[in-house]
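To start, the structure itself, in structure tokens.
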Amino acid sequence: MNHWLLKSEPSAFSWDDQVKKGVEPWTGVRNHQAAKYLRSMGKGDQAFFYHSVEEKRIVGIVEVAREFYLDPTAKEGNWVCVDVKAVRPLFRPVTLAQIKAEPKLSDIPLIKQSRLSVMPLDERAWNILMTMGGAVITIPLSDLPDPGARAFVLENADGTKTGGFVLRIGDVIRAYVNSCPHTGAPLNWQEDRFLDYTQTDILCSMHGARFTPETGFCTIGPCKGKQLTPLAVEISHGMIHVRPLS
Ligand code: FES
């Protein structure tokens with residue numbers, strides 16, 4: 001799957017319009033390089049929806065629902081469009097000013113070719129922008145065993161770091177801060193070992209407290225009745241996005 005950024009003037013077609021429409025042709029592109037990118041898009045590719053002109057910020061995520069075809073709004077030439085559908089708004093819109101202030105994004109087309117209305121984003125830039133948009137961490141669903149868990153480190157806005165983990169047991173996928181309510185110690189005794197040997201409970205390796213995977217509540221142990229700090233989890237197109245609960 002490739003990633004893109006699509007610019008739209010909100011006074012002409014806004015994120016709210018996209019949400020109302022659901023699926024909508026992305027028409028009106030009359031720049032050869034932008035059109036070339038439209039022709040390169042595959043079904044299922046995702047793109048940031050960027051409000052240009054007065055707002056200058058990424059506000060949502062869309063997905064390519066239909067690959068390129070002749071743009072019905074073009075009076076001449078073989079300009080093309082794709083159909084896109086709304087996936088979700090960003091947890092936190094990302095402004096152009098924030099993007100310009102992030103040195104790791106200095107080479108993306110939004111900065112280098114600012115007039116382009118359709119542009120590719122590599123995976124690194126996509127993930128940085130997803131993080132800036134409130135998805136603290138992004139993990140491919142295929143990287144998470146079932147049953148199993150994966151540890152990660154959250155980078156907070158103030159520069160501090162918080163350990164966390166995401167677990168999967170069948171349909172249950174949850175994420176928590178990796179801190180036992182008993183003493184604040186990390187729960188795991190090895191990198192990704194958060195579950196007990198039967199893979200049904202979260203287990204604290206320090207003093208054996210057990211936690212229900214669905215809720216994070218301790219059922220047995222010195223912190224019985226207390227809860228792990230949950231993190232918000234969203235699954236979209238094979239990717240798990242984790243962020244703090246707001
Ligand atoms: S630190 Fe977890 S049970 Fe004691």
Quiz item: Quick one: what pairs do we get from segment 90-114, first residue aliphatic (A, V, I, L, M), second in a loop (DSSP other than H, G, I, E, B), C-beta under 6 Å, 6+ apart or different chains?
Solution: 90/133; 94/133; 96/56
Self-check item: Whichever residue in segment 174-190 is more than 15 Å from the ligand (Cβ to nearest atom) and closer than 23 Å to residue 232 by Cβ and, among such residues, is surrounded by the most Cβ atoms within 10 Å (Cβ to Cβ)
Solution: 175
Practice problem: Taking residue 215 as meeting all but one of (1) of a type in the set (Val, Ile, Thr); (2) touching a residue at least 60 places away in the same chain (Cβ under 8 Å); (3) surrounded by fewer than 15 Cβ atoms within 10 Å (Cβ to Cβ), write down the number of the exception. | Solution: (2)
Practice problem: Working only within segment 7-49, note down all residues that are of a type in the set (Gly, Ala, Ser), touching a residue at least 60 places away in the same chain (Cβ under 8 Å) and in contact with an Asp or Glu (Cβ under 8 Å, 6 or more places away or on another chain). | Solution: 44
Practice problem: Please identify the pairs in which a residue from segment 219-237 that is farther than 30 Å from residue 3 by Cβ and assigned by TED's automatic domain parsing to the domain that holds residue 209 has its Cβ atom under 8 Å from the Cβ atom of a residue that is of a type in the set (S, T, N, Q) and within 16 Å of the ligand (Cβ to nearest atom), counting only partners at least 6 apart or on another chain. | Solution: 219/212; 228/179; 229/179
Quiz prompt | Matching entry among 62, 53, 82 (being closer than 22 Å to residue 17 by Cβ, of a type in the set (A, V, I, L, M) and within 20 Å of the chain's Cα centre (by Cα)) | solution = 62
Practice problem: Taking only segment 226-242 into account, find how many residues are at pLDDT 85 or above and not in a strand (DSSP E or B). | Solution: 3
Quiz prompt | Matching residues in segment 118-150 - criterion: being within 27 Å of residue 36 (Cα to Cα) and in a strand (DSSP E or B) | solution = 118, 119, 120, 121
Quiz prompt | Residues satisfying the stated conditions in segment 1-27, i.e. touching a Ser or Thr at 6+ places or on another chain (Cβ under 6 Å) and under 18 Å from residue 66 (Cβ atoms) | solution = 27
Quiz item: Which one is farthest from residue 210 (Cα to Cα), of the residues in segment 173-185 that are aliphatic (A, V, I, L, M) and under 19 Å from the mean Cα position of the chain (by Cα)?
Solution: 173
Practice problem: Those residues that are at pLDDT 95 or above, within 19 Å of residue 122 (Cα to Cα) and of a type in the set (D, E, K, R), I need them from segment 52-101; list them, please. | Solution: 57, 100
Quiz item: Give me the pairs: first residue in segment 176-202 and at positive phi, second residue part of a strand (DSSP E or B), beta-carbon distance under 8 Å, and six or more apart or on different chains, which are they?
Solution: 199/148; 199/169
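The values are calculated or read from the model by the stated rules, or taken from the named source; none is laboratory data. These numbers were taken from a predicted model, which means no experiment stands behind them. Cβ atoms come from the backbone with ideal geometry, glycine included; neighbour counts cover every protein chain shown.
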